[in-house]
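Encoded as structure tokens, the structure appears first; notes follow it.
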Amino acid sequence: MTQAPILLAYSGGLDTSFCIPWLKEHYQRPVMTITVNTGGIDTAAAEDLKTRAQTLGAVEHHQIDAEQDFFDDVLRFLIAEIEE
């Protein structure tokens, strides 16, 4: 039976990069990484995150494009004109 993977929210920084091999070694389970793009990741950066995660041992890397949702649910309320 295949063990369920550990899903790691991955920023590509030192701390989450360290976690990939550490989790694999200590829990003996595959690690999948995920990054949620809220507007700061271009195509080259997204590819770099995927490559870095897989080089460190992640079995898969996924990126969720949440740019429009983040704008609709958060940012627009910060910049919208409020009428009374």
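For segment 20-30, filtered to residues that are among the hydrophobic types (A, V, I, L, M, F, W, C) and over 14 Å from L49 (Cβ atoms), the residue that is most open to solvent (accessible area, probe 1.4 Å) is W22. Restricting attention to segment 49-59, which residues are open to solvent by 70 Å² or more (accessible area, probe 1.4 Å) and closer than 12 Å to P30 by Cα? Q54, V59, listed by residue number.
What do you reckon, is A46 assigned to a helix (DSSP H, G or I), free of Cβ contacts under 8 Å to residues at least 60 places away in the same chain and open to solvent by less than 80 Å² (accessible area, probe 1.4 Å)? Taking the combined requirement at face value, the residue satisfies it. Counting just the residues of segment 31-43 that are part of a strand (DSSP E or B) and within 11 Å of the chain's Cα centre (by Cα), which one comes out surrounded by the most Cβ atoms within 10 Å (Cβ to Cβ)? Per the stated criteria, the residue is T33.
Taking the condition of being under 16 Å from the mean Cα position of the chain (by Cα), open to solvent by 40 Å² or more (accessible area, probe 1.4 Å) and of a type in the set (A, V, I, L, M, F, W, C), how many residues in segment 2-18 meet it? Residues that pass the stated criteria total 4. Among the residues of segment 1-19, those identified as of a type in the set (A, V, I, L, M) and out of contact with any helix residue (DSSP H, G or I) (no Cβ under 9 Å at 6 or more places or on another chain) are M1, A4, L7, L14.
The values are calculated or read from the model by the stated rules, or taken from the named source; none is laboratory data. All of these numbers come straight from a predicted model, not from anything done at the bench. Here the Cβ is made from the backbone with ideal geometry for all residues, glycine too, and neighbour counts use every protein chain on show. Areas reflect the complete protein model, heavy atoms only, side chains present, ligands, DNA and RNA absent. Shrake-Rupley method; radii C 1.70, N 1.55, O 1.52, S 1.80 Å.
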